[in-house]
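> Before I ask anything, here is the structure I am working with.
The values are calculated or read from the model by the stated rules, or taken from the named source; none is laboratory data. Just so it is clear, the structure is predicted and the values come from calculations on it, not from any experiment. Cβ placement follows ideal geometry from the backbone for every residue including glycine, while neighbour counts extend to all protein chains displayed. Each accessible area value is taken on the protein alone, full model and side chains, heavy atoms only, with ligands, DNA and RNA left out. Shrake-Rupley method; radii C 1.70, N 1.55, O 1.52, S 1.80 Å.
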Amino acid sequence: ADLLGFSHSNHFRSETHSSFFLAVREKKKTRSELGSDRGKFEARKMALAFDEFGRPFIILREQDQKTRLRGIDAQKANIAAGKAVARILRSSLGPKGMDKMLQGPDGDVTITNDGATILEQMDVDNQIAKLMVELSRSQDYEIGDGTTGVVVMAGALLEQAERQLDRGIHPIRVAEGYEMASRVAVEHLERISQKFEFDVNNFEPLVQTCMTTLSSKIVNRCKRSLAEIAVKAVLAVADLERRDVNLDLIKIEGKVGGNLEDTELIYGILVDKDMSHPQMPKQIEDAHIAILTCPFEPPKPKTKHKVDIDTVEKFETLRKQEQQYFDEMVQKCKDVGATLVICQWGFDDEANHLLMHRNLPAVRWVGGVELELIAIATGGRIVPRFQELTPEKLGKAGMVREKSFGTTKERMLYIEHCANSKAVTIFIRGGNKMMIDETKRSIHDALCVARNLIRNKSIVYGGGAAEIACSLAVDAAADKYPGVEQYAIRAFAEALDSVPMALAENSGLQPIETLSAVKSQQLKENIPFYGIDCNDVGTNDMREQNVFETLIGKQQQILLATQVVKMILKIDDVISNSEY
Amino acid sequence: MPIDKIFKDDASEEKGERARMASFIGAMAVADLVKSTLGPKGMDKILQSTGRGHSVTVTNDGATILKSLHIDNPAAKVLVDISKVQDDEVGDGTTSVVVLAGELLREAEKLVTSKIHPMTIIAGYRMAAECARDALLKRVIDNKENAEKFRSDLMKIAMTTLCSKILSQDKEHFAEMAVDAVFRLKGSTNLEAIQIIKKPGGSLRDSFLDEGFILDKKIGIGQPKRIENAKILVANTAMDTDKVKIYGARVRVDSMTKVAQIEGAEKEKMKDKVNKILAHGINCFVNRQLIYNFPEELFADAGVLAIEHADFEGIERLGLVTGGEIASTFDNPESVKLGHCKLIEEIMIGEDKLIHFSGVEMGQACSIVLRGASHHVLDEAERSLHDALCVLSQTVNDSRVLLGGGWPEMVMAKEVDELARKTAGKKSHTIEAFSRALVAIPTTIADNAGLDSAELVAQLRAEHHTEGCNAGIDVISGAVGDMEERGIYEAFKVKQAVLLSATEAAEMILRVDEIITCAPRRREDRM
């Protein structure tokens, strides 16, 4: 039917032009059904083309079952959807932001105020809403923090765009205006950013920044200790010369029970496993660890084979071999001087006993990722075959101990004082499962912030200060642009105000009053550090309140939000299956 | 302009006040559900499962009740979760934690209707919880140094825990058992080492803690029923057909004689194994896996007692009590540590035969035999005893204790009230509310016992006005009394966990301003 469409394309009336392209772009195998009643189709406002004889034919398959929105209607509908998503997140912004309770399809409950998590679990159906979800996710991947802010920002941009559309400004002009404005904003951020000095011995400023991130989460009760944990963890794994941090080296492990205050940073690895044999020693000092990815089981060659047993002799020899095999495996580990075996696979009962008998404690079924972390931390090598075991490949740890928790039989293995303390574990305790999950997410955010600061030391001030400063800069720049874009740029400035506005609203302040006061203060004193005083401290100066955010995080927010809004504005035709 | 639907079909969204309402109501409903089981005169619940057989459980253990409920309200699920965690972490106080969280939310609801922002409530609750905890810390009693006194503390804690359960009739008897059992663990919290064997028949009073170890297994036929000075080999090895484990090995023969030969070889192999085992010089062999007839016969011939199919925990416990190592290979008889005990004999409890190991060396594990009229009674007795054991084992590690009977709540309430008076601003209201929620616990205890709670709590409050008072509610006499004299003690760890996790849960629910429920996953119809 696509071909049919092509053959008739010369005869299309101009009004159906765009719909034809859509048909091609959708790459649906459309079956041309020659409709009978032309009036009926026109009443449905469907894409309808007529050939030279005035016969209508259909480009979209089963088009009477599709609903279609075009032009300004499409944009309005998309904007409405985007705004609806942003509206959900708006109340989660800032230190006084509220949480959302999400009930998953299997009845599992998540309580969070992390934008990315909320959107991810929201089970969204609308395409535009899905774009917003993607937006928040990419902020999460890239920066790790500010996932709520970016969506609120995008929502505000869309809202402003709607007004511009109502004025009759073409969406593309709006999009272009936004683009220019975002460039201005990002440059301005660069200008007002400050270098931020810290080193390994003086990490207090880092802790302050992490505290800003954590203060909006439920864990803000112990934000100080958690921020310290996060910073210490990042510094432990950071490569300060290369200015890079591999967050994979920080393992976050959680166990229900205890209090949030019991959360600890372990310079080593925590494995949720116990010794393979209940009677093995529970504590090993100066452990030499053999890290194996081969099972303590009879060999399994990968080629298909069969060993046929047809005589008694063969049976006997095979039996002997089997025994010998187990013996050799254990002996090899022992010979290289290992005092602890960590294995990715399972153990045969016999091997297990042999290990225990030879006084060689062992841990089985350790996951691949954990195994790698253990290898990194202890400076050992992962050994895939027993034959390749050598003393140099063993990892070293000062102390390995098993610790039990609570009244149920739950034990974990601490591997501490490792040769190379480049891998650390953050062990979270908390009153219930949801608390632990939320703490994990919060810590992750804090880790990301600390990492970003190590990568790039520039910061801007939080509490809406940066947004207000940008808004002023963009507003001032607007007048320099001749043309319709000027209006879009002003709209952008207005949209930037919505973040501090939401902050003020969530903190129970008068939004407009507070915002205008702060704005005039910034302008009067020409200092871009005044923000919204969310915690009722009594000062608007974010430098005093120690509320910072990373420069790249903020820039990324503005850029990503602008990009998505541009994308949404460029859509002028939505075809979807209608309800039936 | 119609706004397109954002969510998928069947997904729903509740916002602002409605969301808060939904979670308050859900949480309070759950709290009210378990409320009547609180305290020594608390009532039980019957739980009937919808599964096959409609099995019935009678219990007053908060965690057990909540675990069995099918709850759809997300806020209620949070409460169920904290109760479960309380159970895992300290074992007792599973009802109190839910009731306290429910009361905190009830108070919060009132505050919200009087236009106080949830965030302010949370800030107040946090301050109050901190203050309450400090108040408890100031009044803890620690008798770790004095072994005798510590033991009596433990006894009292066990009795306090048990008095709200089905075992309250014989609480002294059971408390004694529980304390003995926990002391045997020597500071370990591994309750797996305490085996609880339930045998219907007799009365609860006939339950006992065995000084040795009991294995719920039968002795093989033709094997000695009684062994003195037993040397035990505890093993985990295949004693059925000891197959070749090398992958891909299979038997392929072309004649009947060969089959016979291979069979002979297999038998020979088994015989070898048995001989190796016998070479350890043992007279009792306990295996985790099955023992087939042939090796069993061989053992019988050698006069060795062979016990098959002892489960994992059984084996582990046996290893613990007899001090033997769990063996799977038998080539080095001289270095395998054997278990020892003075006497193994078959005993009868009710109609069942069990194997009794007495005079054991290490005695880190032990067995408790529960007797009772029916399965329901036994199940509930087991749960109660488990609670007591959990609390005791935690107390052994953290020896701080408090008085019971609503005393800790009143102490906390008093301190929190004082804090409220000192605090300026709206938070003061919420701190006051916190103290009201705390008082709700003694009120509930009194209510459940059919006492005049308003009168008693007021009396209690007056008593607590004097410094260093030990007054609490004595449910038995129905009056305010000195808790220290009546020996009602509770573990500090339990109370602290109740306070903190209830506050945490309440805080969590209060912070929510929107509930988004996804469409339930469609399940395949299995009809």
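> 7 Å from Cα along Cα→Cβ at both B:HIS54 and B:ARG252: what's the point-to-point distance in nm?
About 5.9 nm separates the two model spin labels.
> If you don't mind, another one. For region A:393-460, which chymotrypsin sites (Phe, Trp or Tyr not before Pro) are both in a DSSP coil and crowded by at most 13 other Cβ atoms within 10 Å?
none
> Also, I was wondering about something else. Largest first, how would A:LEU394, A:LEU131 line up by accessible area (1.4 Å probe)?
Descending order: A:LEU131, A:LEU394.
> Can I ask one more? Using amide H atoms built in the peptide plane, which far-off residues or other-chain residues are under 5 Å from A:GLY254 H to H?
Under 5 Å from the amide H of A:GLY254 lie the amide H atoms of A:ILE428, each far enough along the sequence or on another chain.
> Tell me which residues come under 5 Å, amide H to amide H, from A:VAL307 once H is placed; ignore anything under 5 positions away on its chain.
B:ALA249, B:ARG250
> Just name one of B:SER83, A:ILE443, B:LEU451: the one whose Cα is farthest towards the positive end of the charge dipole of the protein assembly as shown (beta-carbon charges, Lys/Arg +1, Asp/Glu -1).
A:ILE443
> Go through region B:54-62 residue by residue and turn each phi into a ³J(HN,Hα) via Karplus (6.51, -1.76, 1.60, θ = phi - 60°); whole Hz please, and just put x for glycine and proline.
Once θ is set to phi - 60°, the couplings for region B:54-62 become 6, 5, 10, 10, 10, 8, 10, 7, x Hz.
> What span do the alpha-carbon atoms of region B:386-492 cover on each of the three principal axes, reported in whole Å from largest to smallest?
Principal-axis extents of the Cα atoms in region B:386-492, largest first: 45, 33, 25 Å.
> Treating only the Cβ of Lys, Arg, Asp and Glu as charged (+1, +1, -1, -1), what charge dipole size does chain A show about its Cα centre? Round to the nearest 20 debye.
Taking the Cα centre of chain A as origin, the dipole is about 800 debye.
> Considering only A:HIS417, A:LEU453, A:ALA477, whose Cα is most displaced toward the positive end of the charge dipole of region A:409-497, charges sitting on Cβ of Lys, Arg (+1) and Asp, Glu (-1)?
Final value for the positive-end residue is A:HIS417.
> Just need the relative contact order of chain A here, percent rounded to a whole number, with Cα pairs under 8 Å and 6+ apart.
Computed over chain A, the figure is 23 percent.
> Could you calculate the FRET efficiency of B:LYS110 with A:GLU513 from 1/(1 + (r/R0)^6), where r is the beta carbon distance between them and R0 is 30 Å, rounded to 0.05?
Working from the Cβ atoms, E equals 0.50.
> Given an 8 Å cut-off on Cα distances and at least 6 residues of separation, report the relative contact order of chain B as a percent.
Reported relative contact order: 27 percent.
> Ratio to report: Rg/Rh of the protein assembly as shown, with Cα atoms as the point set and Rh obtained by the Kirkwood method; give two decimals.
Radius of gyration relative to Kirkwood radius: 1.04.
> If the chain between A:LEU240 and A:ILE172 were fully stretched, how many nm would it gain, using 0.36 nm times the residue separation less the Cα-Cα distance?
20.0 nm
> Per DSSP helix of 4 or more residues, -39500 (n - 2.57); summed, then divided by the residues of the protein assembly as shown. What does that give at 222 nm, rounded to the nearest 500?
Calculated from helices alone, the mean residue ellipticity at 222 nm is -15500 deg cm²/dmol.
> To the nearest 20 debye, what charge dipole does chain B have about its Cα centre, counting +1 at the Cβ of each Lys and Arg and -1 at the Cβ of each Asp and Glu?
So the magnitude is around 920 debye.
> May I ask for the percentage of alpha-carbon pairs in chain B that lie more than 42 Å from each other?
Distances greater than 42 Å cover 37 percent of the Cα pairs.
> Identify, among B:LEU204, B:THR120, B:THR517, the residue whose Cα sits farthest towards the positive end of the charge dipole of chain B, taking +1 on the Cβ of Lys and Arg and -1 on the Cβ of Asp and Glu, with the dipole about the Cα centre.
The listed residue farthest towards the positive side: B:THR517.
> Let me ask another. Full extension from A:PHE50 to A:ASP108: what is 0.36 nm times the residue separation minus their Cα-Cα distance, to one decimal in nm?
Between A:PHE50 and A:ASP108, full extension yields an extra 15.5 nm.
> Give me the one-decimal nm value for the distance between modelled label points at B:HIS70 and B:LYS15, 7 Å along each residue's Cα-to-Cβ direction.
Rounded to a tenth, the inter-label distance reads 3.2 nm.
> At a probe size of 1.4 Å, how large is the accessible area of A:ASP475, to the nearest 10 Å²?
About 60 Å², ignoring ligands and nucleic acids.
> So if R0 is 56 Å, what FRET efficiency would A:GLU190 and B:ASP482 give, r being the distance between their Cβ atoms, rounded to the nearest 0.05?
Approximately 0.20, to the nearest 0.05.
> In µm²/s, what is D for chain A at 25 °C and 0.890 mPa s, where D = kT/(6 pi eta Rh) by Stokes-Einstein and Rh is the Kirkwood radius from Cα pairs?
87 µm²/s
> Just how much of B:MET256 is accessible, in Å², when a 1.4 Å probe is used and the result is rounded to the nearest 10?
Counting only protein heavy atoms, B:MET256 exposes about 150 Å² to solvent.
> Each label point is 7 Å from the Cα along the Cα-to-Cβ direction; what then is the distance between the points at A:VAL484 and B:LYS422, in nm?
Distance between label points: 6.6 nm.
> Tilt of helix B:147-163 relative to the longest C-alpha principal axis of chain B, in degrees (0 to 90, nearest 10)?
For helix B:147-163, the angle is close to 80 degrees.
> List the residues whose amide H sits under 5 Å from the amide H of B:SER55, counting only those 5 or more places along or on another chain, with H placed 1.01 Å from N in the peptide plane.
Long-range HN contacts for B:SER55: B:SER49.
> Go ahead and run the numbers for FRET between A:ALA476 and B:SER374, Cβ-Cβ distance against an R0 of 56 Å, rounding to 0.05.
So the FRET efficiency works out to roughly 0.10.
> Okay, next question. Would you work out the charge dipole size for the protein assembly as shown about its Cα centre, treating the Cβ of every Lys and Arg as +1 and the Cβ of every Asp and Glu as -1, and quote it to the nearest 20 debye?
2100 debye
> Each residue of region A:386-393 in turn: what ³J(HN,Hα) in whole Hz from Karplus with 6.51, -1.76, 1.60 and θ = phi - 60°, glycine and Pro shown as x?
4, 4, 8, 5, 9, x, 5, 7
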